[in-house]
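Working notes, beginning with the structure itself.
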Protein chains: 2
Amino acid sequence: MSVSEKGAPMSLKNGPRADSRDDSMTNQEPKPAAGDRRLDDFLCFAIYSANLAYGRAYKPGLDELGLTYPQWIAIVALWEQDDQTVSELGDKMFLESNTLTPILKKLEAMGYLRRQRDPADERQVRVSLTDAGRRLREKGMHMNLVKSSGLKPDEFARLQKSVVRLRDNLIKAMEEE
Amino acid sequence: MSVSEKGAPMSLKNGPRADSRDDSMTNQEPKPAAGDRRLDDFLCFAIYSANLAYGRAYKPGLDELGLTYPQWIAIVALWEQDDQTVSELGDKMFLESNTLTPILKKLEAMGYLRRQRDPADERQVRVSLTDAGRRLREKGMHMNLVKSSGLKPDEFARLQKSVVRLRDNLIKAMEEE
DNA sequence: CTAAATTAAATCGTATCCGATATATTCGCG
DNA sequence: CGCGAATATATCGGATACGATTTAATTTAG
């Protein structure tokens, strides 16, 4: 079985004219010599395209909530811990203020959170959910936002951990220049 | 060991004030009842943040090539098979013409590819690499674009396949409404 | 104690993504 | 043949990401 599953849909609409040539080499890093690998053999592309797919799978549910994906993540992160600074929230969401500030301003305009300078350190802005924000989180909690991943619980859990490990390793490698 | 690895860096700069509360429930789907899960327990968020991390890890190498990530993917996809239509390329990249067209126009302006209407069907635009585009692909091939994932080949390969399966399942589930 | 360095947000410009729509070409059916 | 439906790109507006810069507040050095 090649990397791209037998009859799996590979695209938005039509399967990609499956020209599966057999290759046992499925990973990129363990063998850095050859560069002529297929797109699906790049882990980075698998992640990239899975992210696109997740975004599309979530869209209908998020539309019901009237939120975008990053907006929803921000609500969830604030539900976990309220009254965070922009930086703290950014640490959890892997975003910085240049991206986060506009998102938070929009959520504030929607009435789901409050932004206020910390009196103890006026450089910081503390963000906290409003009652409406908490109600929204509750609503999303009881909705089934996700389509089925189709993976068995076992594989699902392993995948979850591996992706987190991958992410953290990439970031650690970057921090070490 | 909790989902978020022991000392793993969880953010761009500082670890997120690790408040790891112990939870054995690491996956989202197998138990759709409870909605009060932590951000790291969402597979969608793991993918989302891993994608951000990959983008940052690739940035330095791609800067050397003078390309963005989607631009690079397009070059790789055309290297695999030249003279594709915009739709075919979109099938492989999981993008549609609204996103792809501007990217292709830019690459054309850079001199890395040609875009021309198919004489047999003027609706279609066929895209093919120029010599400069092929040279660029060769250059990227010999560069080490990726930092280390830090995963063992075994886990790396499994992860690769699982992510592809996840992506294809999500898309298939959407196609079935 | 104050000027320089540091830090936290915000702003700005560029490049994706994506839904909705527009335009052009081809197909299908009477 | 002819015209409405379907198809392939392209365009446009809104919402992220992100590097670079700016502004304001705090900390640190001398």
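For B:GLY150, inter-copy separations between label points set 7 Å beyond Cα along the Cβ vector come to 3.1 nm, shortest first.
Between the alpha-carbon centres of region A:66-88 and region B:111-138 there is a gap of 43 Å.
In order along region A:154-159, the Karplus-derived 3J(HN,Hα) couplings, from 6.51 cos²θ - 1.76 cosθ + 1.60 at θ = phi - 60°, round to 4, 5, 4, 5, 4, 4 Hz, and Gly and Pro are given as x.
The phi-based Karplus calculation (6.51 cos²θ - 1.76 cosθ + 1.60; θ = phi - 60°) puts the 3J(HN,Hα) values of region B:111-117 at x, 8, 8, 10, 10, 8, 4 Hz, whole numbers, x for Gly and Pro.
Multiply the residue gap between A:THR130 and A:MET143 by 0.36 nm, knock off their C-alpha separation, and tell me the result in nm, one decimal place.
2.7 nm is the gain from fully extending A:THR130 to A:MET143.
Computed from phi, the 3J(HN,Hα) profile of region A:92-98 under the Karplus parametrisation 6.51, -1.76, 1.60 (θ = phi - 60°) reads 6, 8, 6, 9, 10, 4, 4 Hz, with x in place of Gly and Pro. Note on B:ASN98/A:GLU122: beta-carbon distance plugged into 1/(1 + (r/R0)^6) with R0 of 41 Å gives a FRET efficiency of 0.45. Amide hydrogen proximity for A:GLN124: with H placed 1.01 Å from N in the peptide plane, the residues at 5 or more positions away or on another chain lying under 5 Å are A:ASP118.
The modelled label-to-label distance for the pair A:TYR69/A:GLU177, using points 7 Å beyond Cα in the direction of Cβ, is 3.4 nm.
Pick out, in residue order, every one of the chymotrypsin sites (Phe, Trp or Tyr not before Pro) in region B:35-89 that is DSSP loop and has at most 16 other C-beta atoms within 10 Å; say none if there are none. Passing both the DSSP loop test and the Cβ count: no residue. Return a whole-number percent for the relative contact order of region B:80-177, with Cα pairs under 8 Å and 6 or more residues apart as the contact set. This gives 21 percent for region B:80-177. Residues whose amide H lies under 5 Å from that of B:LEU113, counting only those 5 or more places away or on a different chain, are B:GLU108, B:THR130; hydrogens are built 1.01 Å from N in the peptide plane.
Just so you know, all these numbers are worked out from the coordinates, no wet-lab data involved. Keep in mind it's a predicted model, so treat the numbers as computed, not measured. Glycine also receives a Cβ, built like all others from the backbone with ideal geometry; neighbour counts cover every protein chain displayed.
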